[in-house]
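Step one of this worksheet: look at the structure below.
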Amino acid sequence: MEAKEDESDSSFTSVTSLTLKGPKNIPQQYVLPSFQRSNHSLLNHISTEFPIIDLSMLNHPAHMPKLINEVGAAYKKLGFFQVSIRMHLQHWSRWNKLSTTIFDKEGVTFTNKYSRGNLCPALLSGKNFVINMSCSPNQTHAQVINHGIPSWVIKDAMDSAEEFFRLPSDKKMCFASTDVHAPVRFGTSMNHVIDKVLFWRDFIKHYANPISEWIHLWPSDPPSYREKMGSYAKAVNTLQKQLMEVIMESLGLNADYLHDDIEEGSQVMAVNCYPACPEPDLALGMPPHTDYGTLTILNQSQQGLQIMDQDKKWHVVPFVQGALIVQLGDQFEVLSNGRYKSIRHRAILDTHKQRLSIASIHSMPMEKKVGPAPELIDEQHPIAYKEGSFSGFLDHISVKSVSEDTYLDALKIHEA
Ligand SMILES: O=C(O)CCC(=O)C(=O)O
Ligand SMILES: [Fe+2]
């Protein structure tokens, strides 16, 4: 490996620096044992139906039961869905052939506003975003409705992430920290101090809710970072709160269950950069893991996220311009007493292109102890988890790698 970038405890060589000279091979520290590699050759065999939820149903009280059922079914099946699209294609492989254009269609108004939720500002102002998708070669055409976050907000956030990772090393290293509780943290791999094999990933993580408490700590370089990432963080948090209401209802709980905790909940933005990798079959961007927290809302710049199904098979999540991926985390598995399972996922690498992702990881407030909802404990479903907290999770990962001896395993009383 190249020389470290400074001599303090938090020093490391970022993957971005490592790849500046265009190496032909990856350093040995990144080479995974063969059983942990991604096996790219399997990627073409994708045939599972991919749950897509149309959030415009939030606007129509009559459609709410359907939305609640769809969300419930998606989470029971996979712990995962993608929002924004009103189209169900049978096979993921066909998604790869989609070409997408997005345009802002002002004046699409929904007069029957969903009475209980606070709709996203874009929806409330009557603006909506229509995505026209055509599926070549047959040019199958469908019109789909977005989740309410304007496409430029999503793009601006991605652009500011890209600019940040392009900065000279010293501008990023000033945020380097080995303290997993630090409110802003630049790092590499998962936890480079304890990882046995390194992962091909650099990241900056920062807290985001309430935004006024944290934003002044975020990078001020690039100059638009705070504004662009801040707008995205706020919009995603609003979306998260709407989704939580729907998911609570899908569990048979009140839509406003734990409302105040959700309002004051923690939001960690994990902004990830996976530089192009000369030997993507030997390494991973992120190892298989589940996110702690209730929901993660993820925005990817290109394909590279994989999720594991119940048969332990990996599936690539197709890239859909402007779509957001919603993943269920461990805290929701605990809260639901195992009715819903958190989704196992990992990030694979590309030989030619750098990939970026922005994961907004939401959870109940940092110190809040979360156990199974009493309403979801009965004779058929005895209590299956002990209480845990986000802070407890952070303590756990400061000494244990996220892919082994997980915090969730430590909370399990028995298999739900
Ligand atoms: O980059 C991705 O697609 C995955 C990111 C992720 O899993 C995380 O930040 O926890
Ligand atoms: Fe994750």
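The values are calculated or read from the model by the stated rules, or taken from the named source; none is laboratory data. What you see is a predicted model; the values in this text were computed from it and never measured. Here Cβ is always computed from backbone atoms with ideal geometry, including for glycine, and neighbour counts include all displayed protein chains.
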| said: Of all residues being surrounded by fewer than 21 Cβ atoms within 10 Å (Cβ to Cβ) and within 16 Å of ligand 2 (Cβ to nearest atom) in the range 374-399, which is nearest to P275 (Cα to Cα)? Just the residue, please. | reply: I397
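So that you can scan it fast, the table gives a plain yes or no per residue for (1) farther than 18 Å from A157 by Cα; (2) at pLDDT 95 or above; (3) of a type outside the set (G, A, S):
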position	(1), (2), (3)
G304	yes, no, no
K312	yes, no, yes
P318	yes, no, yes
G322	no, no, no
S336	yes, no, no
I348	yes, yes, yes
E367	yes, yes, yes
K386	yes, yes, yes
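Counting only residues that are among the aliphatic types (A, V, I, L, M) and not in a loop (DSSP other than H, G, I, E, B), how many does the range 174-220 have?
6
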| Do we find that D350 is away from ligand 2 (no atom under 12 Å from the Cβ), acidic (D, E) and out of contact with any helix residue (DSSP H, G or I) (no Cβ under 9 Å at 6 or more places or on another chain) in this structure? | yes
| task | Run down E163, E249 and say which single residue is touching a helix residue (DSSP H, G or I) at 6+ places or on another chain (Cβ under 9 Å), under 26 Å from V334 (Cβ atoms) and acidic (D, E). | result | E249
| note | Within the range 345-373, restricting to residues that are among the aliphatic types (A, V, I, L, M) and within 14 Å of ligand 1 (Cβ to nearest atom), the one that is surrounded by the most Cβ atoms within 10 Å (Cβ to Cβ) is L349
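Tally the residues that are in a loop (DSSP other than H, G, I, E, B) and either within 16 Å of ligand 2 (Cβ to nearest atom) or free of Cβ contacts under 8 Å to residues at least 24 places away in the same chain (or both), restricting the search to the range 319-347.
Of all residues in the range 319-347, those in a loop (DSSP other than H, G, I, E, B) come to 319-323, 329, 336-344.
Applying the additional criterion that residues be either within 16 Å of ligand 2 (Cβ to nearest atom) or free of Cβ contacts under 8 Å to residues at least 24 places away in the same chain (or both) yields 319, 329, 341-344.
Qualifying residue count for the region: 6.
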| task | Go through the range 263-274 and give me each residue that's away from ligand 2 (no atom under 16 Å from the Cβ) and surrounded by fewer than 22 Cβ atoms within 10 Å (Cβ to Cβ). | result | E263, E264
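Could you identify the single residue in P280, P287 that is surrounded by fewer than 22 Cβ atoms within 10 Å (Cβ to Cβ) and more than 12 Å from ligand 2 (Cβ to nearest atom)?
Within the list P280, P287, the selection yields P280.
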| message | Exactly one condition in (1) in a helix (DSSP H, G or I); (2) among the charged types (D, E, K, R); (3) within 14 Å of ligand 1 (Cβ to nearest atom) is false for D291; which is it? | response | (1)
| remark: Conditions (1) in contact (Cβ under 8 Å) with a residue 60 or more places away in the chain; (2) in a helix (DSSP H, G or I); (3) more than 15 Å from ligand 2 (Cβ to nearest atom); (4) not small (G, A, S) -> D260 fails only (1)
| message | Within the range 300-318, take every residue that is of a type outside the set (G, A, S) and in contact with a Leu (Cβ under 6 Å, 6 or more places away or on another chain) and give me the one that is nearest to ligand 2 (Cβ to nearest atom). | response | V317
| remark: Picked from the range 306-344 (must be away from ligand 1 (no atom under 12 Å from the Cβ) and of a type in the set (S, T, Y)), the residue nearest to the chain's Cα centre (by Cα) is Y340
| message | Being polar (S, T, N, Q) and more than 30 Å from H63 (Cα to Cα) narrows it down to one residue among T294, T238, T290; which is it? | response | T290
